[in-house]
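S.K.: Can you keep this structure in mind? I'll have questions shortly.
Values in this text are rule-based calculations from the coordinates and carry no lab data. Computed from a predicted model, the values in this text were never measured in an experiment. Here the Cβ positions follow ideal geometry from the backbone for every residue, glycine too, while neighbour counts run over all protein chains shown.
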Amino acid sequence: MTNRAAATRYARALFDVVVKEGDPQRVETELSAFNALVSSNDALRRALASPTIPAARKRGVIEALLAKASPLAPALGKLLLMLADRDRLVLLPDLEDAYRERLMQHLQVLRAEVTTAVALPEDRRGTLERGLAKATGRTVTLTARVDPAIIGGAVTRVGSTVYDGSVVRQLERLKEQLQT
């Protein structure tokens, strides 16, 4: 099983428990903060990922971190200790991503990305965000990127669907039509 698949299973289990017992958004914040703590400290990150360090010592490190940190949700603390016992702390970044995806699904929030040749004015971005929300029936969080290579128009990605209205793509279609 890949790390991503394993992390997705742990995230699903954590989310299911947290939805019944607590605040899933708070747990997402705590998980993100804990992962940031681990990833920002190079020695700690290497030690927790090292196969040469016994799982019992890793559990001790996690227990010490949990004792010094502000109180985490009980389910998250238990999961972190279980990951340490199973020597699976390397899954933390993927676990955070998978948990966030699950939370977004639960909250009916869709992520979308729009790429334009020039920076998108804030009012146009808001209009696009509202239009996508109306079309999908969900709340949309829009990320804007600039890529001068598309010349003009926009490329919008909503989930796994891509709407390519770029000038480059229109020129490619025209070229294909002329060649046939």
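S.K.: Using 0.36 nm per residue of separation minus the Cα-Cα distance, give me the extension gain between Arg124 and Ala69 in nm, one decimal.
M.R.: Roughly 15.6 nm would be gained on extension.
S.K.: Angle between the Cα long axis of helix 55-68 and the longest principal axis of the chain, 0 to 90 degrees, nearest 10?
M.R.: 80
S.K.: When Lys and Arg each count +1 and Asp and Glu each count -1, what net charge do the other residues less than 9 Å away from Thr156, Cβ to Cβ, add up to? Intermediate results must be reported in sequence, preceding the final value.
M.R.: Values: positive: Arg157; negative: Glu113, Asp164.
Here the charged neighbours net out to -1.
S.K.: Looking at the chain only, what percent of DSSP beta bridges run antiparallel? Nearest 5 please.
M.R.: Among the beta bridges of the chain, antiparallel pairing accounts for roughly 55 percent.
S.K.: Would you mind ranking Leu103, Leu37 so that the residue whose beta carbon has the fewest other beta carbons within 10 Å leads the list? Display every interim value, and only then the final one.
M.R.: Values: Leu103 19, Leu37 14.
If I rank by nearby Cβ atoms, fewest first, I get Leu37, Leu103.
S.K.: Can I ask one more? Per 0.36 nm of contour for each residue apart, how much would the distance between Lys134 and Ser32 grow if the chain were fully extended, relative to their Cα-Cα spacing?
M.R.: Contour length minus Cα-Cα distance gives 33.7 nm.
S.K.: Which lysines have a Cα lying under 20 Å from the Cα of Lys20, excluding residues fewer than 8 positions away in the same chain?
M.R.: Qualifying lysines at Cα under 20 Å: Lys78.
S.K.: For labels at Arg9 and Leu107 in the simple 7 Å Cα→Cβ model, what's the distance in nm?
M.R.: The answer from the label model is 2.8 nm.
S.K.: Can you give the FRET efficiency to the nearest 0.05 for Asp42 and Gln177, using r as the Cβ-Cβ distance and R₀ = 41 Å?
M.R.: Values: r = 54 Å, r/R0 = 1.33.
That gives a FRET efficiency of 0.15.
S.K.: Given H placed 1.01 Å from N in the peptide plane, which residues other than close sequence neighbours of Asp87 have an amide H under 5 Å from its amide H?
M.R.: none
S.K.: Then there is this: Here are labelled values, (i) 1, 8, 17, 21, 22, 18, 9, 4, 1, 0; (ii) 1, 8, 15, 18, 19, 15, 10, 7, 4, 2, 1, 0, 0; (iii) 1, 7, 13, 14, 13, 11, 10, 10, 8, 6, 3, 2, 1, 0, and one is the computed P(r) over Cα pairs in 5 Å bins from 0, in percent for what I pasted. Which one?
M.R.: Step by step, P(r) over Cα pairs in 5 Å bins from 0, in percent for this structure corresponds to label (iii).
S.K.: For segment 125-136, take each phi angle, set θ = phi - 60°, evaluate the Karplus expression 6.51 cos²θ - 1.76 cosθ + 1.60, and give the result in whole Hz per residue in order, putting x for glycine and proline.
M.R.: Values, residue by residue: 5, x, 5, 5, 4, 5, x, 5, 5, 5, 5, 9 Hz.
S.K.: Given H placed 1.01 Å from N in the peptide plane, which residues other than close sequence neighbours of Val140 have an amide H under 5 Å from its amide H?
M.R.: Leu110
S.K.: Normalised by the residues of segment 72-180, what does the relative contact order come to in percent, with Cα pairs under 8 Å and at least six apart? Present the calculation step by step, with values, prior to reporting the outcome.
M.R.: Details: 114 pairs, mean separation 26.7, N = 109.
With pairs under 8 Å counted, the relative contact order is 25 percent.
S.K.: Along Cα→Cβ, 7 Å out, is where each label goes; now give me the distance between the ones at Arg100 and Glu21 in nm to one decimal.
M.R.: With each label point 7 Å from Cα toward Cβ, the separation is 2.4 nm.
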